[in-house]
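Trainee: Have a look at this one before I ask anything.
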Amino acid sequence: MHPMLTIAVRAARAAGQNIMRAYTELDRIEVSSKGINDFVTSVDKEAEATITYQIRKSYPDHTIVGEEKGENRGSNNDYVWIVDPLDGTNNFVRGIPHFAISIALQHKGKTEVAVVYDPVREELFTAVRGKGAKLNDFRLRVTNVNELTSTMIGTGFPFKARQHTETYMAIFGEVFGQCADLRRAGSAALDLAYVAAGRLDGFFEIGLKPWDIAAGDLICREAGGTVTDFTGNHNYLVSGNIVAGSPKVTTELVKIMRPLLNEGLKR
């Protein structure tokens, strides 16, 4: 195993243990609001601290960017770890068993290592750039479909970018009219991992953050998927607007979206 993947897996599993202990005692968890329908818990913070500790033990000079603590700068800026300690916090708070830990490592701006870990199902999605993607010990491939008719597409509502609601609903309606079904499960990291595993044929969402998608992006691409922004370009880690799927599905989704985009989503 790639040495840095080993550390990422170790960190994800350690955070997963913390999260699952807390999941059995949800009534004791401290919850605060960061915005409309956007929560943070004491568990998010503890899990991020656990991940940071595991990374720092092996790589004390690396920079870590986490959802809760922001940038924890090291002396070596060539290596940047991008961490979401609990993607799907709203599910977690409600007792819905669908959430994950997301950890990605970038070297000079390119994502080299990725882990998405679902501690409820003990499913470990991993990827190393150029070496493929795995679920536990099994290789992953996206589905091989040529048209949207039979596809199941994942999505997420833009609750942090409500100015795009009208455009999003127009896109949703067009996609729903052409695919078999749509799913909104509440964890972008798992949605992208599920595309890689062939459980979903495609996925799109507006207004995500780098820690939501950095790991899932590499896992999806290493499983043969294509990842773009809504215009078919590759600015999604900056814009947060992402389309992913098997190559044909991604192309078809972008084709639907382009004529519907407002000016804010064309960037």
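Trainee: Which percent of Cα pairs goes in each bin when the distances of region 3-139 are cut into 5 angstrom slices starting at zero?
Mentor: Spelled out per bin, shortest first, that is 2, 10, 21, 23, 18, 14, 8, 3, 0.
Trainee: Same structure, new question: Mean-square fluctuation check for the chain, GNM, Cα pairs under 10 Å: which of G109, G88, G154 is largest?
Mentor: G109
Trainee: Could you provide, to the nearest whole Å², the per residue accessible area of the chain with probe 1.4 Å?
Mentor: Values: 11920 Å² over 267 residues.
Averaged over the residues of the chain, the accessible area is 45 Å².
Trainee: From Cα pairs below 8 angstrom and at least 6 apart in sequence, can you work out the relative contact order of the chain, rounded to a whole percent? Before the final figure, lay out each step's value.
Mentor: Working: 611 pairs, mean separation 42.7, N = 267.
Relative contact order of the chain: 16 percent.
Trainee: Which of P97, P247, P119 moves the most in a Gaussian network model of the chain with Cα springs under 10 Å?
Mentor: Top of the fluctuation ranking is P97.
Trainee: Determine the calculated [θ] at 222 nm for the chain from helices alone, applying -39500 (n - 2.57) to every DSSP H run no shorter than 4 residues and normalising by the residue count; nearest 500 deg cm²/dmol. Spell out each step's value before the answer.
Mentor: Numbers: 8 runs with 95 residues, N = 267.
Rounded to the nearest 500, the figure is -11000 deg cm²/dmol.
Trainee: To the nearest µm²/s, what D does Stokes-Einstein give for region 152-260 at 37 °C and 0.692 mPa s, using the Kirkwood radius over alpha carbon pairs as Rh?
Mentor: On the way: Rh = 13.3 Å.
Diffusion coefficient, whole number: 247 µm²/s.
Trainee: A further question on this structure: Going through the cross-link list K69/K209; K57/K134; K69/K266; K108/K209, which pairs have a Cα-Cα distance over 24 Å in this structure?
Mentor: Values: K69/K209 14 Å; K57/K134 26 Å; K69/K266 30 Å; K108/K209 19 Å.
Long pairs (Cα-Cα over 24 Å): K57/K134; K69/K266.
Trainee: Which angle between 0 and 90 degrees, to the nearest 10, do you get for helix 210-222 versus the longest principal axis of the chain when only C-alpha atoms count?
Mentor: Rounded to the nearest ten degrees, it is 70.
Trainee: For region 152-260, what is the percent of antiparallel DSSP beta bridges, rounded to the nearest 5?
Mentor: Antiparallel: roughly 50 percent of the beta bridges in region 152-260.
Trainee: Return one number: the angle in degrees, 0 to 90 and rounded to the nearest 10, between the long axis of the Cα atoms of helix 3-23 and the longest principal axis of the Cα atoms of the chain.
Mentor: That works out to roughly 90 degrees.
Trainee: Another question, then. Say we join alpha carbon atoms closer than 10 Å with springs in a Gaussian network model of the chain; which of I96, I19, I153 then has the biggest fluctuation?
Mentor: Of I96, I19, I153, the most mobile in the Gaussian network model is I96.
The values are calculated or read from the model by the stated rules, or taken from the named source; none is laboratory data. For clarity, every value in this text was computed on a predicted model and none was experimentally measured. Keep in mind that these areas ignore ligands, DNA and RNA; they rest on the heavy atoms of the full protein, side chains included. Shrake-Rupley method; radii C 1.70, N 1.55, O 1.52, S 1.80 Å.
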